[in-house]
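See structure below.
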Amino acid sequence: MSGASLPTIEVPLTFIAPTTTKPRVLMSADHAEANRRTGDFRSLPVAVADARSLSEPPTLDREGFALEKHRTRVSDFYDPEAVEQIYYAEVAELLECVTGAAEIHVFDHTLRVEDEAKRRAHGTRLPVTVVHNDYTERSALQRVRDVLAPKTAELLLAGRFAIVNVWRSFGVSADRFPLAAADGRTVLPSDYVAVDLVYPDRTAEIYYAAHSNGQRWFYFSRMQPDEAMLFKCFDSACNGRTRYTAHTGFANPHAPADTPPRESIEVRTLLFFG
């Protein structure tokens with residue numbers, strides 16, 4: 001898959017520098033406030049290509065991300081009941097069609113909103129601006145055990161499972177602050193740095209990513225209300241499939257000045273393949 005002639009924008013992305021001291025993110029109890037973090041971070045210019053122009057559309061198992069047509073009956077994503085009762089089922093149906101998973105568990109979601117007034121009114125989080133992957137070798141297994149009953153978890157962990165996020169813009173436009181993802185085949189295992197997420201009541205773990213020269217980055221321009229971006233945060237299979245997807249939000253320098261702030265939802269799911 002060649003990206004040499006694809007429409008590309010150059011933007012600064014924030015990476016962590018390799019370290020011998022485990023970094024930490026102190027998660028804000030007030031979702032409207034930014035989290036605090038430790039570690040050495042570097043903003044580097046990166047060419048981000050428009051994945052819509054690829055000759056062959058990206059896939060979850062090859063690059064680690066994909067774009068799918070996906071209509072929803074939810075009209076208000078700030079309504080948690082509508083999201084949990086309607087959208088979760090829609091997401092599960094989409095993933096069953098795309099992946100063929102034998103069993104799907106939708107376990108949570110996060111709204112990310114740029115506009116400060118809306119963020120404070122609804123208690124939503126800011127977009128993430130550091131290159132990361134949501135789960136590690138340790139925390140992916142722990143998430144299964146946290147979500148499912150013990151016997152069910154151990155039974156399903158005996159086979160292949162994956163964690164997939166489904167991301168969509170529900171605002172007027174995603175163009176001001178879209179999501180970039182790296183082709184998973186171009187990120188070295190050594191690029192991933194384990195980081196503690198410190199909550200008031202628990203400590204979780206994610207990967208931040210360092211930069212390396214072979215990485216290739218993509219985004220989907222002009223995402224529509226009936227589109228969803230899927231990206232894989234973990235895959236237990238070690239057989240050549242992409243297992244993680246480094247990703248981050250970024251400020252699009254080509255978005256018109258009057259482009260509304262981003263409003264997006266990401267839904268996290270467990271997929272079991274039997």
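Of note:
- Selection count, the range 132-174, where residues are farther than 23 Å from E96 by Cα and modelled with pLDDT under 95: 4
- Some residue of the range 60-68 being more than 16 Å from Y219 (Cα to Cα), among the hydrophobic types (A, V, I, L, M, F, W, C) and touching a Ser or Thr at 6+ places or on another chain (Cβ under 9 Å): no
- Residue match in the range 231-246 (condition: within 20 Å of H132 (Cβ to Cβ), touching a residue at least 60 places away in the same chain (Cβ under 8 Å), assigned to a loop (DSSP other than H, G, I, E, B) and of a type in the set (V, I, T)): yes
- Each residue in the range 2-32 was checked for being surrounded by 15 or more Cβ atoms within 10 Å (Cβ to Cβ), modelled with pLDDT under 90, of a type in the set (A, V, I, L, M) and more than 26 Å from T136 (Cβ to Cβ), and 2 pass.
- Where a residue in the range 106-125 is among the hydroxyl-bearing types (S, T, Y) and its partner, wherever it lies, is open to solvent by 40 Å² or more (accessible area, probe 1.4 Å), with Cβ under 7 Å and at least six apart: T124/H31
- Residues satisfying the stated conditions in the range 217-229, i.e. open to solvent by less than 70 Å² (accessible area, probe 1.4 Å) and either farther than 24 Å from S5 by Cα or more than 18 Å from the chain's Cα centre (by Cα) (or both): D226, E227, A228
- Being open to solvent by 50 Å² or more (accessible area, probe 1.4 Å) and over 19 Å from the mean Cα position of the chain (by Cα) is true of L44.
- Listed by position, the helices (runs of 4 or more DSSP H) inside the range 96-205 whose residues that are buried (at least 20 other Cβ atoms within 10 Å of the Cβ) and not charged (D, E, K, R) number at least 3 are 137-147.
- Count - residues of the range 58-77 that are in contact with a strand residue (DSSP E or B) (Cβ under 7 Å, 6 or more places away or on another chain) and not hydroxyl-bearing (S, T, Y): 10
- Within the range 47-73, the set of residues being crowded, with 16+ Cβ neighbours inside 10 Å, out of contact with any Pro (no Cβ under 9 Å at 6 or more places or on another chain) and either charged (D, E, K, R) or within 20 Å of V106 (Cβ to Cβ) (or both) comprises L60, D61, R62, E63, E68, H70.
The values are calculated or read from the model by the stated rules, or taken from the named source; none is laboratory data. The structure displayed is predicted, hence computed values, not measured ones. Because the Cβ atoms are built from the backbone with ideal geometry, glycine has one as well, and the counts that use them run over all protein chains shown. Calculation scope for accessible area: heavy atoms of the full protein, side chains included, ligands and nucleic acids excluded. Shrake-Rupley method; radii C 1.70, N 1.55, O 1.52, S 1.80 Å.
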